[in-house]
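Novice: Input: one structure, supplied below.
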Amino acid sequence: MHERIHTTIEREVGPQPVQDDVLCVELTGRHPHGVMPNVPQDLEERFWHVHVVNQAEPDYDLEAYRHSKSHTVEARFARELLHQMDEESDPEKRAILKEALYMGLDALTLGKVFVRETGFLAAEDEEDDNENSAD
């Protein structure tokens, strides 16, 4: 997966260093749960700034959870969060519920949590940084 990301970036921007440029990368699609997609470290040396928005989602079969009759904590958790997402009309709240779903499934199935740097989470982090810098 990481090789594919690197190959795509190389194809789009070329192999030459462009140290005065800003590179914005948006990761999309699906990835195996437990593996976080990222951009190669050498890009940070080649560009003035590298900004990554991770819109890629772990490859959990959410429809299987939705229709599961299982009584495991994992299945019940997934069904409840999916139900809350279905009922929520606010897109930002739906995005938060989806992140909670993925983080919870990671915790339950892998025993650890992967924090994705999605657009909405990054925006909240920037707001927190701005509030902290005013002190």
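Computed from the coordinates by the stated procedures, all read-outs in this text should not be read as laboratory data. Please read these numbers as outputs of a predicted model, since none were measured by experiment. Every residue, glycine as well, gets a Cβ built from its backbone with ideal geometry; the counts of neighbours run over all protein chains shown.
Novice: If I filter region 4-39 down to residues being touching a residue at least 24 places away in the same chain (Cβ under 8 Å) and among the charged types (D, E, K, R), which single residue comes out as farthest from ALA107 (Cα to Cα)?
Specialist: ASP20
Novice: Output the number of residues of region 60-92 satisfying the condition of being surrounded by fewer than 13 Cβ atoms within 10 Å (Cβ to Cβ) and in contact (Cβ under 8 Å) with a residue 12 or more places away in the chain.
Specialist: So the answer is 2.
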